[in-house]
1. For helix 188-199, report the angle its Cα long axis makes with the longest principal axis of the Cα atoms of the chain; keep it between 0 and 90° and round to the nearest 10°.
2. Based solely on its DSSP helices, what 222 nm [θ] is calculated for the chain when runs of n ≥ 4 H residues each add -39,500 (n - 2.57) and the sum is averaged over all residues, nearest 500 deg cm²/dmol?
3. By per-residue mean of other Cβ atoms within 10 Å, what is the highest-first order of 116-124, 60-68, 232-240, 211-219?
4. Looking at the chain, send over the antiparallel percent of its DSSP beta bridges, to the nearest 5.
5. Which of the peptides 126-137, 45-56 is most tightly packed, and how do the rest follow, judged by the mean count of other Cβ atoms within 10 Å per residue?
6. What is the magnitude of the charge dipole of the chain about its Cα centre, with +1 placed on the Cβ of each Lys and Arg, -1 on the Cβ of each Asp and Glu, and no other charges, expressed in debye to the nearest 20?
7. Based on Cβ point charges of +1 for Lys and Arg and -1 for Asp and Glu, what charge dipole magnitude is obtained for the range 114-183 about its Cα centre, in debye rounded to the nearest 20?
8. Against the longest principal axis of the chain, how steep is helix 101-111, in degrees 0 to 90 to the nearest 10, with axes from Cα atoms?
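No lab work stands behind these numbers, since they all come straight from the coordinates. Because the structure is predicted, anything quoted here is derived from the model rather than measured. Here the Cβ is made from the backbone with ideal geometry for all residues, glycine too, and neighbour counts use every protein chain on show.
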Amino acid sequence: MSGVLVASDLDRTLVYSRAASMLPPGSTAVLRCVETYLDEPASFMTETAVEAVEALGREAVLVPVTTRTRAQLARVRLPGASRWAVAANGGHLLVDGEPDAGWARRVAEGAAQGESLAQVHAHLAAVLDPAWTSALRVADDLFCYAVVRPDLLPSDVVPALVAWAAARGWRVSVQGRKVYAVPATLTKSAAVRELADRLGSRLVLAAGDSLLDADLLEAADRAVKPPHGELTASGWEAPGVTTTARAGVLGGEDVALWLLAQVRATTAVPAR
Ligand SMILES: [Mg+2]
């Protein structure tokens, strides 16, 4: 084992929904399904990306780090994934799919510092108009998210929510059709730091595309993001963070290839 931990977001970083996985005209890339939902193919990677993450699985410790709930994560079959995973934006540190109890206690202590989930949920229910909100869900009793019509969402709603949440120890992130409200203490980077400590990892690489990935990318030794998504759209940059050339599902391929190249560069035996 190389001692390298590769912590990667899934959606719109490594895996892409049907709508997000449209190939540009002329592309000869082949898509492979990596998630099935209600008997329908739901998420995809290119064959080249699949081969790259399989190699990552052999040459490093590949850890999916997602805002998905446990149930949503369980649907994804990420080739090369190790026995560890982070779900619910750091709320669960999973070992063979089961939550680590010690980590769950620390998450609960952190959540007690800010506004309660019930209060945040009630606020969202009050301000999200059913005219453009199709669902408001609680995720694993840790945070909540709404499913909205972005084309109908008034432009002042998200900035107001961001300010309301920030004053109460919560964060708001918009990813495609979903508006997330997450406790500020619930971070991907904290869960990855814990796992890196336990594994004694000597190097942490990370990948992500949304504002909920920003702390993960900043905390890593080196990181990569695609040129689409909330981070790029907001102009976010940080030292040591590379942006891939291609966007969309081909950007996912670039992310996987970049991570593999970094692992190989750091584990290469110097020539004598
Ligand atoms: Mg993402």
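1. Roughly 40 degrees, rounded to the nearest 10.
2. Taken over the chain, the calculation gives -10000 deg cm²/dmol.
3. Numbers: 116-124: 15.9, 60-68: 26.4, 232-240: 12.0, 211-219: 23.4.
Result, highest mean Cβ count within 10 Å first: 60-68, 211-219, 116-124, 232-240.
4. Around 65 percent antiparallel, to the nearest 5.
5. Packing proxy ranking, top to bottom: 45-56, 126-137.
6. Details: 26 positive and 30 negative charges, 62 e Å.
It comes to approximately 300 debye.
7. Value, rounded to 20: 120 debye.
8. Approximately 40 degrees, to the nearest ten.
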